[in-house]
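Undergrad: Here's a structure for you.
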Amino acid sequence: MIALALVFAFSCFGIGLLLTLWRVVFSPSIPDRILALDTMVVNVIALIVLYGMERGSGLYFEAALLFAMTGFVSSVAYAKFILRGDIIE
Amino acid sequence: MIADILISACLVIAGVFGLVGSYGLLKLPDLMTRLHAPTKASTLGVGGVLLASMGHAAFKRGDISWHELLITLFLFLTAPITANFIAKAHIARNLTTKDLPPTGGPRDWATLDMSEEPVTPSLTEPPQAGRPS
């Protein structure tokens, strides 16, 4: 039963990743693109954790944690650059 | 068996919420409403996945892992900050003062306010002449 639910969750987050990729490529404005990239990071974190569950290994949580931190910093840096034309003033 | 059902329910709910969050990114009409979809639905989706992962580690492998709580805490802390920055970038690029509700004070919206005068009453002492502030 857990294997079936894992497949369902994998496909849901995979389709979500494709939808956000569509939004990154065809986005109406630049803040939309930042938002789509941020959502992409969230989906990828979910996929990494699901893969760690499937393999039964605790190694993947460090990768997910690193992804969360770099995703946050890059989203904020991108938004700050759009907002002010500079990142560190 | 009950643990299996709980973990599977967490996974299914998380998958549905993640999919709804990503679909809302495409479906909703403008950016301020589009901000809601990833910041709420996707965060809940990832939270469900992490709960399921914690349950899996505790019931199937017999070791309690706290990494997931760390990731959950980090995501729940950072998602509103990112959303706030994206909203500010949207205001600065695409909106003017006429599109926004009045602030009710002497100053305009902080992102759009370009005036140099200090707010009255000033919160800090005015800089003295001849000294760089």
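Computed from the coordinates by the stated procedures, all read-outs in this text should not be read as laboratory data. All of these numbers come straight from a predicted model, not from anything done at the bench. No Cβ is skipped: glycine too gets one built from the backbone with ideal geometry, and neighbour counts run over all protein chains shown.
Undergrad: For helix B:67-94, what angle does its Cα long axis make with the longest principal axis of chain B, in degrees from 0 to 90 and rounded to 10?
TA: Taking the Cα atoms of chain B, the angle to B:67-94 is about 40 degrees.
Undergrad: Would you mind estimating how fast the protein assembly as shown diffuses translationally, via Stokes-Einstein at 10 °C and 1.306 mPa s with the Kirkwood radius over Cα pairs, in µm²/s?
TA: 83
Undergrad: Give me the inter-chain shielding for A:59-67: mean count of other chain Cβ atoms within 10 Å, whole number please.
TA: Working: counts 0, 2, 9, 2, 0, 10, 6, 0, 1.
Across the residues of A:59-67, the mean count of other-chain Cβ atoms within 10 Å is 3.
Undergrad: By how many nm would the segment from residue A:54 to residue A:74 grow when fully extended, if each residue of separation counts as 0.36 nm and the alpha-carbon distance is taken off?
TA: 4.3 nm
Undergrad: Using Cα positions and a limit of under 16 Å, work out the lysines in reach of residue B:27, with same-chain residues fewer than 8 apart set aside.
TA: Within reach: B:40.
Undergrad: Okay, next question. Distances over 23 Å make up what percent of all Cα-Cα pairs in the range B:1-124?
TA: 52
Undergrad: Rounding to the nearest 10 and keeping the result within 0 to 90°, find how far the Cα-based axis of helix B:2-27 lies from the longest principal axis of chain B.
TA: On a 0 to 90 degree scale, this one is about 40.
Undergrad: Continuing with the same structure: Loop only by DSSP, 14 or fewer other Cβ within 10 Å of the Cβ. Give me the chymotrypsin sites (Phe, Trp or Tyr not before Pro) in the range A:1-81 that pass, ordered by residue number.
TA: Taking the range A:1-81 and a limit of 14 other Cβ atoms within 10 Å, the loop chymotrypsin sites (Phe, Trp or Tyr not before Pro) found are A:26.
Undergrad: While we're here: Per residue, what volume in Å³ does the convex hull of the Cα atoms of the range A:2-84 enclose?
TA: That works out to 69 Å³ per residue.
Undergrad: With each pseudo-label sitting 7 Å past Cα toward Cβ, what's the residue B:3-residue B:99 distance in nm, one decimal?
TA: Result for the modelled spin labels: 5.2 nm.
Undergrad: So what's the back-of-envelope 222 nm ellipticity for chain B, counting only DSSP H runs of four-plus at -39500 (n - 2.57) apiece and dividing by all residues, rounded to 500?
TA: -18500 deg cm²/dmol
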